[in-house]
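The structure appears below as structure tokens.
Every read-out reported here was derived from the displayed coordinates using simple, explicitly stated rules and does not represent laboratory data. Keep in mind that what you see is a predicted model, and the values were worked out from it rather than measured. When we count neighbours, we look across all protein chains shown, and the Cβ atoms used for this are built from the backbone with ideal geometry, even at glycine.
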């Protein structure tokens with residue numbers, strides 16, 4: 001893996017994200033890691049001023065905060081280098097929006113993966129997707145690993161790829177999936193998700209059959225286990241399957257305006273944040 005960006009605000013969720021990065025570093029070589037912290041704007045939220053919607057003023061750090069931040073970043077760099085001494089580790093702290101900082105980083109360095117904590121500060125960090133993860137999900141511009149509160153010691157061996165068959169040929173990042181296989185030597189579980197509704201015979205149309213054929217033609221080389229979740233409660237169905245099969249990571253291929261996109265800004269997203277204790281890897285094509 002070439003370049004990973006870790007987003008951190010030094011919170012407990014951010015620490016879980018860092019632990020996930022350490023896990024990846026233990027299992028495969030990472031050429032470059034950028035650990036990023038933003039002092040300033042944290043969201044695109046705006047407020048009206050004179051009839052014009054503008055972002056809030058930046059939160060400028062004082063000298064003590066800056067020094068503390070740089071110390072924390074240095075310690076994180078050292079911890080990562082103890083595990084992966086040949087990785088190029090760089091820290092980056094500024095007052096940009098996280099979204100803008102990522103854009104700036106990618107102008108000079110192609111980014112393979114962005115890792116961040118899944119839970120936000122609402123309700124003391126419980127039951128909510130954080131504002132920044134939600135914003136980045138909606139951008140649909142990066143491969144993102146969302147890390148919930150989880151055990152520190154784990155490895156990535158069993159992967160659940162959750163797919164729905166609508167326009168799958170346009171969305172499935174085949175090269176990325178096989179690259180993950182080369183890196184982690186995963187056992188795949190390809191789980192067909194029908195938007196949380198049971199299959200009906202009249203829904204098995206020619207286009208669905210075509211998508212099913214494409215799915216098998218594309219992924220059979222992985223020797224996956226194929227399964228189907230028809231639970232009315234999709235989140236419950238997916239998480240139950242993951243628990244029963246000791247899944248280590250949940251992989252999704254969301255559309256810009258599709259079910260998996262809505263999953264992360266609807267009520268079910270809060271349920272997913274609450275009940276999922278494995279990382280969620282969202283891939284873009």
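What to note about this one:
- Neighbour-count order for 92, 188, fewest beta carbons within 10 angstrom listed first: 92, 188
- Nitroxide proxy distance, nm - points 7 Å out along Cα→Cβ at residue 86 and residue 233: 4.8
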